[in-house]
Amino acid sequence: MKRAAVRPAKGDLARKPSARPLLVVDGDSFAHRAYHALPKSIRRSGDRGGGAILGFANFLLRLYEAELPRAVLVAWDSLSAPTYRQRLFPAYQGGRQFDEELVDQLEILPEFVAACGFANAKGPGYEADDFLAGAVAEEERRGGTTLVASGDRDAFQLASAATTILHPVKGGELVRIGPAEVRERYGVEPRQVPDFIALRGDPSDKLPGARGVGPKGAAALMREFATLEDALAQGRLATQADALRLYKRIATMDSAAPVPELGDQESTWDRAAVLARDWGLNNLAVRLDQLERAKGIEPSS
């Protein structure tokens, strides 16, 4: 995994949080969006697909320029190995099929991220979501703030006073989601989102939820009981208890997922430009060259 070339010792990280946020990105989420949004006629060298790479790269660069983070971590799924969620619940995310050209681009996108001077997190058994949670937990421990870019509403469980979710809406805009927005959208606190998902269900992940309980019913239960376990302890939904506990575990991001130590990073747009040219993505390379020339005016941490 790519780390900053020079970073302070771990103790210093804990004592001296930067005023700039850590930016954590769900790489698969935005690469998928780019692949389906851009024409398949975008090719890279060897007549291989380039739309997901180009779209994701442009998104990442725009986000970096807008937020000026102290460091960037991009999290990825491992498509070749089952996750613990799939072992616990074989129907989880069942039926998903990815085009070969998309998978090909997902495999090399971490190389682009590393060339930019940023970090990747990817490992068998985990999803990108888990690395998001791991990075947020570490940054909150060190007293810093985090921006989490994800198209998955599961990430709303990470919202806090120190962590804001950047969630895409129509037109490519990113809206900021904090605890107040989670309460407004779902009627629950961020920490209750996994309980809410377990009760409501999640069709995209093939989680059935509780029989006869929709979004309003799930929110009402969470207002009455602090947690799913509290509701079960009071005899609610007793016949579905084991299944609901399993759904909650699946909906809960694993903050123990291993993430690289994230000291303040120095962008290396020149290296990324070389890689983009090697891939035949010359317009992207030109943009990266421009960013490299403009680095002298970037604010320091």
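The values are calculated or read from the model by the stated rules, or taken from the named source; none is laboratory data. This is a predicted model, so every value here is computed, not measured. All Cβ positions, even for glycine, are placed from backbone atoms using ideal geometry, and neighbour counts span all protein chains on display. Protein only, heavy atoms only, side chains kept; ligands, DNA and RNA dropped before computing areas. Shrake-Rupley method; radii C 1.70, N 1.55, O 1.52, S 1.80 Å.
Working only within the stretch 268-293, note down all residues that are surrounded by fewer than 20 Cβ atoms within 10 Å (Cβ to Cβ), within 11 Å of F112 (Cβ to Cβ) and touching a Ser or Thr at 6+ places or on another chain (Cβ under 8 Å). Correct list: D278 only. One residue stands out in the stretch 34-45 among those that are more than 20 Å from G171 (Cβ to Cβ) and in contact (Cβ under 8 Å) with a residue 24 or more places away in the chain: the one that is surrounded by the fewest Cβ atoms within 10 Å (Cβ to Cβ), namely S45.
Matching residues to (1) open to solvent by less than 10 Å² (accessible area, probe 1.4 Å); (2) farther than 26 Å from E266 by Cβ; (3) at pLDDT 95 or above:
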residue	(1), (2), (3)
D47	no, yes, yes
N58	no, no, yes
Q86	no, yes, no
R96	no, yes, no
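With respect to the conditions (1) assigned to a helix (DSSP H, G or I); (2) in contact with a helix residue (DSSP H, G or I) (Cβ under 7 Å, 6 or more places away or on another chain); (3) among the small types (G, A, S), G125 falls short on a single one, namely (1). Keeping to the stretch 138-163, report how many residues are free of Cβ contacts under 8 Å to residues at least 40 places away in the same chain, open to solvent by less than 20 Å² (accessible area, probe 1.4 Å) and polar (S, T, N, Q). Looking only at that region, the number is 1. Any chance the stretch 109-120 includes a residue that's assigned to a strand (DSSP E or B), open to solvent by less than 30 Å² (accessible area, probe 1.4 Å) and at negative phi? Within the stretch 109-120 (the criterion being assigned to a strand (DSSP E or B), open to solvent by less than 30 Å² (accessible area, probe 1.4 Å) and at negative phi), the answer is yes, since at least one residue qualifies. The number of residues in the stretch 175-213 being farther than 24 Å from S255 by Cα and open to solvent by less than 50 Å² (accessible area, probe 1.4 Å) comes to 2. Take L246 and tell me if it is more than 23 Å from A162 (Cβ to Cβ), in a helix (DSSP H, G or I) and open to solvent by less than 30 Å² (accessible area, probe 1.4 Å). It is false that L246 is more than 23 Å from A162 (Cβ to Cβ), in a helix (DSSP H, G or I) and open to solvent by less than 30 Å² (accessible area, probe 1.4 Å). Which of (1) buried (at least 20 other Cβ atoms within 10 Å of the Cβ); (2) closer than 21 Å to A57 by Cα is the odd one out, the single condition A251 does not satisfy? So A251 meets the others, but not (2).
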